[in-house]
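The values are calculated or read from the model by the stated rules, or taken from the named source; none is laboratory data. Quick caveat, the model's predicted, so the values are computed rather than measured. With ideal geometry, Cβ positions are generated from the backbone for all residues, glycine too; neighbour counts draw on all protein chains shown.
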Amino acid sequence: MIFMRGRRFLAKFVLATVMVTVLAGGAWADRAKYVFLMIGDGMAMPQRNAAEIYLASMAGKDARPGIVKLAMSTLPAQGFCTTYSTNSIITDSAAAGTALATGNKTKSGVIAMNPTGTESHETIAEMAHKRGMKVGIVSSVSIEHATPACFYSHNESRNDYYELACQLPESGFEYFAGGGFKKPKGPKGDQPDVMGIIDKAGYRITETIEDFRKLSKEDGKIVAINPVLWSGKAMPYAVDETDRSISLADFTAKGIELLDNPEGFFMMVEGGKIDWACHANDAVSSIGDTIAFDEAVKVALDFYNDHPEDTLVVVTGDHETGGLTIGFAGTKYDTFFGKLDGQKMSYEAFDLVLVDYRKSTEGKGSLEDFFPQVEKAFGLSLKGQDAVTGSELASLKQAFAESMKGSKERSEDQETYLLYGGYEPFSIALTHLLNRRAGLAWTSYAHTGVPVPVSAVGVGQETFNGYYDNTDVFRKMTSAMGL
Ligand SMILES: [Zn+2]
């Protein structure tokens with residue numbers, strides 16, 4: 001009976017909604033005209049949840065367990081998707097990007113092609129562009145990195161950075177923004193500069209904040225590169241960002257300003273360094289970049305709120321990275337996320353401090369001598385109530401000794417890999433120590449095979465509820481877009 005009444009009520013409600021929409025004069029939207037696909041690289045439930053617990057903890061809610069929801073977690077449709085590639089349960093960004101961009105599974109490492117690299121798959125961005133929509137590709141890592149590349153280029157290997165970059169102007173897409181180019185003159189540095197090729201193809205390239213802010217629709221096609229680039233020609237981690245840098249949210253907002261037109265647009269926005277932070281087992285940097293990515297999501301949601309009838313915003317990850325979880329054997333049922341606040345820079349920024357020290361002391365420095373830097377960067381101390389002692393101190397000493405060696409003198413055995421994953425040993429030992437104290441732990445320096453959340457709002461949002469495959473995300477989106 002209750003079920004029947006529920007059904008009847010629902011029918012009435014739907015009818016009323018249709019009438020209200022028609023009466024309000026808005027055309028009954030049959031397709032999503034403004035489409036955002038926001039991809040947190042390496043962002044699955046643990047990354048989102050860690051950021052939400054951290055936000056609650058910073059808001060002074062540490063006394064009572066809780067979360068402060070990210071904007072992406074407030075979206076009305078929430079689902080999960082599987083991520084495996086054709087050759088592994090644990091995918092990479094190329095195969096996962098290909099699945100999201102083209103609806104096809106492929107082999108890890110392949111960009112928008114079939115597993116043998118003999119056939120290109122058309123991407124959602126190319127389909128949208130063909131239909132007359134404008135297209136934007138935004139990423140916090142280099143713009144020819146696997147995830148963004150999957151939307152505008154095709155190659156059997158994600159590592160052909162130069163080749164991927166050369167395909168960028170051929171796409172004709174209107175807006176590329178974020179990081180730079182890893183190999184602008186080819187792998188050997190003897191090829192024509194890709195910046196010149198892009199310039200010749202009629203793109204305007206900006207590399208300063210001033211030029212970026214001045215960009216308007218009259219400027220035509222754009223490649224906007226962040227003025228501050230760190231390793232891999234990527235934007236800095238959010239925790240290391242200064243006001244000389246442009247944020248992912250700013251790049252997203254500018255994209256909307258430049259792409260907005262009556263035919264609509266498709267914009268892919270990637271938070272690329274959530275993944276990099278998790279490879280390095282640095283929870284604070286992962287949380288910082290997840291929050292920065294969520295700021296970009298908020299920009300898309302603001303646009304949605306102004307155009308609810310013809311906008312679709314989809315937020316997902318391409319895979320999990322690091323095997324992050326909430327909980328550690330040493331802290332059992334407790335978490336202490338407040339301790340994460342002690343970390344003031346990324347492992348990458350700390351690496352620079354550490355390498356400087358190694359050089360200035362010619363590898364003969366001592367842990368005690370260097371510890372003031374550790375205190376500044378991670379809020380850890382050798383004295384006092386919360387001092388690093390016992391087994392924690394022993395592991396720091398071991399890692400410090402390893403870091404004082406040149407990278408060529410370090411052991412390459414499995415034991416060393418399990419401890420440091422090929423990163424600067426002392427930096428990894430410190431993030432592990434701090435993360436474990438907070439009640440966070442890692443199982444890998446690579447990706448893992450767990451499903452990732454998919455959140456959506458707008459035209460066709462209801463189709464994103466449930467449990468499906470990453471290739472279905474493409475089908476759900478193209479169907480909402482009427483492609
Ligand atoms: Zn990835």
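List of remarks:
- Residues that are of a type in the set (D, E, K, R) and within 16 Å of the ligand (Cβ to nearest atom) within the stretch 35-68 comprise ASP41, ARG48, listed in sequence order.
- A single member of THR443, THR416 is at negative phi and in contact (Cβ under 8 Å) with a residue 24 or more places away in the chain, and it is THR443.
- Where VAL355 falls short, out of the listed (1) under 25 Å from the mean Cα position of the chain (by Cα); (2) assigned by TED's automatic domain parsing to the domain that holds GLU392; (3) in contact (Cβ under 8 Å) with a residue 12 or more places away in the chain: (1)
- When the residues of the stretch 429-448 are filtered to those that are of a type outside the set (S, T, N, Q) and assigned to a loop (DSSP other than H, G, I, E, B), the one that is surrounded by the most Cβ atoms within 10 Å (Cβ to Cβ) is TRP442.
- When the stretch 86-106 is filtered for residues that are farther than 18 Å from GLY323 by Cα and within 15 Å of the ligand (Cβ to nearest atom), the ones remaining, listed by number, are ALA94, ALA95, GLY97, THR98, ALA99, LEU100, ALA101, THR106.
- Of all residues in the stretch 279-310, those being polar (S, T, N, Q) and over 24 Å from LEU434 (Cβ atoms) number 1.
- Candidates LEU259, LEU248, filtered to the one that is more than 30 Å from GLU52 (Cα to Cα) and either touching an Asp or Glu at 6+ places or on another chain (Cβ under 9 Å) or assigned by TED's automatic domain parsing to the domain that holds SER427 (or both): LEU259
- Between ASN226, ASN281, the distinction of being at positive phi and surrounded by 21 or more Cβ atoms within 10 Å (Cβ to Cβ) belongs to ASN281 only.
- Scanning the stretch 42-58 for residues that are polar (S, T, N, Q) and within 19 Å of PRO451 (Cα to Cα), we see that the one that is surrounded by the fewest Cβ atoms within 10 Å (Cβ to Cβ) is ASN49.
- Restricting the stretch 241-253 to residues that are surrounded by fewer than 23 Cβ atoms within 10 Å (Cβ to Cβ) and of a type outside the set (Val, Ile, Thr), the residue that is nearest to THR316 (Cα to Cα) is ALA249.
- Being among the hydrophobic types (A, V, I, L, M, F, W, C) and farther than 25 Å from VAL228 by Cβ is a condition met by no residue of the stretch 172-180.
- The listed residue being in contact (Cβ under 8 Å) with a residue 40 or more places away in the chain and under 27 Å from ALA99 (Cα atoms), out of PRO148, PRO169: PRO148
- Looking across the stretch 449-473 at every residue that is out of contact with any Lys or Arg (no Cβ under 9 Å at 6 or more places or on another chain) and acidic (Asp, Glu), the one that is surrounded by the most Cβ atoms within 10 Å (Cβ to Cβ) is identified as ASP472.
- Scanning the stretch 251-282 for residues that are within 16 Å of the ligand (Cβ to nearest atom) and aliphatic (A, V, I, L, M), we see that the one that is farthest from THR311 (Cα to Cα) is ALA280.
- When LYS476, LYS397, LYS405 are screened for being touching a Ser or Thr at 6+ places or on another chain (Cβ under 6 Å) and more than 16 Å from the ligand (Cβ to nearest atom), only LYS476 passes.
- Residue selected from the stretch 150-161 under the condition part of a helix (DSSP H, G or I) and more than 12 Å from the ligand (Cβ to nearest atom), by the criterion nearest to THR123 (Cα to Cα): PHE151
- In the stretch 287-341, of all residues being of a type in the set (Ser, Thr, Tyr) and outside any loop (DSSP other than H, G, I, E, B), the one that is nearest to the ligand (Cβ to nearest atom) corresponds to THR321.
- Any chance ASP211 is in a loop (DSSP other than H, G, I, E, B) and at pLDDT 95 or above: no
Residue by residue, here is whether (1) in a strand (DSSP E or B); (2) in the same structural domain as MET45 (by TED's automatic domain parsing) holds:
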| residue | (1), (2) |
| --- | --- |
| LEU380 | no, no |
| GLY384 | no, no |
| ALA401 | no, no |
| TYR423 | no, no |
| SER427 | no, no |
| VAL454 | yes, yes |
| GLU462 | no, yes |
| TYR467 | yes, yes |
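- Of note, ILE111 does not satisfy the criterion of being more than 16 Å from the ligand (Cβ to nearest atom), in contact with a strand residue (DSSP E or B) (Cβ under 9 Å, 6 or more places away or on another chain) and at pLDDT 95 or above.
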